[in-house]
Every structure is written in C-alpha cells, then in structure tokens.
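Working notes, beginning with the structure itself.
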Amino acid sequence: MTTTAFLFVFVLSFCSLFIFRKVAKRIGLVDKPNARKLHQGVIPLVGGISIFTTVCIGFLIFLPISQSLILFLSCAFVLVVVGAIDDYYDISFKLRLLVQAAISLAMIHLGDHSLHNLGYLMGSDTITLSPLASGIITVLGVIGAINAFNMVDGIDGLLGGLASVTFGALGLVFYASGNEYLAAVCLLIVTAMVPYIMLNLGIPLGRRFKVFMGDAGSVFIGFAAVWMLIRGTQEPDVYAFKPVTALWLIAIPLMDMATIMIRRVRKGHSPFRPDREHLHHICQRIGLSSGMSLVVICTMASLMAMIGIWADMNDIRESVMFISFLAVFAVYFFAISHIWRITTLIHKLFGKNKPINFDMEASDTGSDK
C-alpha cells in the first residue's frame, strides 16, 4: 500500500466531512442538547457516514476486489443506513438488535465468517463449537462488539481514540503475521478516522466545525472490528493471533459494556437503558476534565492491547491469558462499583478535602440509548 493511498483517504475523509455536515444541517441530522447531552448548539451527526463513505471508496480503488470485501461493505452499508435512520428518528433498540442479528447471519451463511474455535482457553484441549453453538456465539459476539463501541461514545475523541487503538493493534498483528492486505485495511480505517477525530476535538478549526460520530459511525466501527477479529482468529488462510488475544484488543469497550449492563440488571433496569455510569462519566465526576478522561481511557486501552499483543507474540498460554483477562475485568468491575469509596479514601490519604460531585453531568456526546 503506497503513501499516496493513505494521503488520498485522509484528504477525502476531510473533504467529505465538510460536505456531509452541510447536508446534515440542512436536513436536520443533528444532535441537540438535552438532559443527558450537555454540549452547546446542534452538532451534525455525520462522522460515521463520512468515515464509511471514505473507507468504501478507498477500498474499491486501492484494494483487490473480492467476495469477502463486497460482503463486508454490503453488511456495513446496511448497518450505517440503519444507524443514520436511528440518529434521525431514534428507532427502537429491539429493531436495531434484529438488524444486527441478521447481519451476523449473513456473515455466517454468505461469507463463512464465524466464531467456531475458541482456542485453548481451558488448558491443553482446544474448544471447538458445534455449528449451532458457533452460530449463536457469533451472533452474540457481533452484537456485543457493535454495542460495546456504540456505548463507549460519550466524550469528544473517545470513540475515535479507542477505535484507533483497536485497529492500530490489529494492523500491527496482521503485519507481523505477514498479512499485509488486512494490515492495510486496518490502517486505511484509522486514516479515515483521523480527520473526524480532529474536527470532533476542534483541531485545528475550533468548535465551529465540530461533528459527532452518530450511531451510523459507532455501529460501523464495532462491526469492522469484530469482522477483523473473526478473520484474524478463525480462518486458516488468515490466522494472525489467538482467539483470546481478541479480548485484549477491545478490552476497554468490552469491559465498560459488560460492567454497565450488569449494574443495570442488578438495579432491575433494562441493560439497554441509558444512564451516566460509563467509565468516561465516572472519570469526569471524580474531577478529571474531558481531555484528561480521554487520555486516561485511551492509555488504559493501549496498555491492554500491548499486553495482549506481547502475550500472543511470546506464546503465553491461552488459558493464562484468559484467566488474566478475567482477573483484570474483576478488578475493573470492583473498582467501578466502589469508585466513590475508593476516591474518598484516596482524598483522605492525601489530605484532599474537596467533595466528590456525584451528580455532576458530564458533556455527553454518546449514542448509548
């Protein structure tokens, strides 16, 4: 893949953002402030549409056309369209899940992309799933990944930052395994996201040209991530890393989604009920700015991805990697569940008497509905 290809994708993504944001304002595809979303003014929800359009054009120009690529773009197109409709009309989460399940089945039956081998999670024997179990696990995995990235979109730059960590890590492991094609796919996606991240953060044109990702973007990113994870762990001609490594590459979105859903269910609420208890909300409510929250969370994601890649490349036993991931998740869940007590204790130990604002509303730009 030449430098020209990446430069073309970057410029195209930047230009498409300005085109789509004008269209969005004209037709009303914008995010308006409300009780949960305290940003100023109406913000165009075109980041995801722009990224997908750029990726689609870039792939068709610079990559060899294959049945797998056409299936990927077709499935992604359906998800992006439904996501854009959701951004405009706020459709039922049940309908969204139904569409995501249908896309999962298309992956399985049209492309033969499925989770059928979980590796050596429990010791010396590989866990191979039956066709029925494989189908169920694949559908749940695709829906889980899509909604993990959807739910994490809550402060400026966060979804783009976490997605860049995941696709950057994927590009590295694909390249290390000798698969330059899929490495280029991942890096092209990252390149297409950079202009969005810049405008989302107000770089370099300020907040006047701010855009949000929207559900169209978060579902595309989640789908693209799980597609690459499945290809990299399940297909003999592509195999690049162990199945358990996939958990480490999307660790923060996955753990945040699992934690928030468990806490909602324990309170007797729907796991899809929106609230303000995500990791980025908690970071801000304990006193971190949006910028510091972004840096902390992306640093955590990068460390998790680095651990996963290091363990994979050094042939650490998959059972050890899996148990370690569960241990990290247990610590994460405990810390989030008791964050106020932990923070109060830290303040006392260091002599900080400033009270913690339990009710402070963070600037939410997310699409967790």
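The values are calculated or read from the model by the stated rules, or taken from the named source; none is laboratory data. Since the structure is predicted, the reported quantities are computational estimates derived from the model, not experimental observations. A quick note on method: Cβ atoms are made from the backbone with ideal geometry, for glycine too, and the neighbour counts reach across all protein chains shown. Keep in mind that these areas ignore ligands, DNA and RNA; they rest on the heavy atoms of the full protein, side chains included. Shrake-Rupley method; radii C 1.70, N 1.55, O 1.52, S 1.80 Å.
Quick one: grab the alpha carbon gyration tensor of the stretch 140-210, order the square roots of its eigenvalues as a ≥ b ≥ c, and give me rounded if a/c is under 1.5, else prolate or oblate depending on whether a/b is larger than b/c. It is oblate, given that a/c is not under 1.5 and a/b is not larger than b/c. Looking at the stretch 208-282, the accessible area is 29 square angstrom per residue; that uses a 1.4 Å probe and ignores ligands, DNA and RNA. Only helices enter the 222 nm calculation for the chain: every DSSP H run of n ≥ 4 contributes -39,500 (n - 2.57), and dividing by all residues gives -23000 deg cm²/dmol, rounded to 500.
Under the criterion of Cα pairs below 8 Å and six or more residues apart, the relative contact order for the chain equals 24 percent.
Taking a ≥ b ≥ c as the square roots of the eigenvalues of the alpha carbon gyration tensor, the stretch 1-153 is oblate, as a/c is not under 1.5 and a/b does not beat b/c.
Shown for the chain: the carbon plus sulfur share of the solvent-accessible area, taken with all protein chains present and a 1.4 angstrom probe, equals 68%.
FRET efficiency for the Leu7 to Ile262 pair, using the beta carbon distance and R₀ = 45 Å, is estimated at 0.50. Here the Gaussian network model covers the chain, with springs between Cα atoms less than 10 Å apart; of Ser164, Ser104, Ser324, Ser324 fluctuates the most. Taking 0.36 nm per residue of separation and subtracting the Cα-Cα distance, full extension of the segment from Cys15 to Ala330 would add 109.0 nm. With each label modelled as a point 7 angstrom along the Cα→C-beta vector, the Leu95-Ile27 pair spans 1.6 nm. Using r as the Cβ-Cβ distance of Leu132 and Ser74, and R0 as 22 Å, what FRET efficiency do you calculate, to the nearest 0.05? Computed FRET efficiency for Leu132 and Ser74 comes out at 0.30.
Averaged per residue, the stretch 138-180 has 23 square angstrom of accessible surface, using a 1.4 angstrom probe with ligands and nucleic acids left out.
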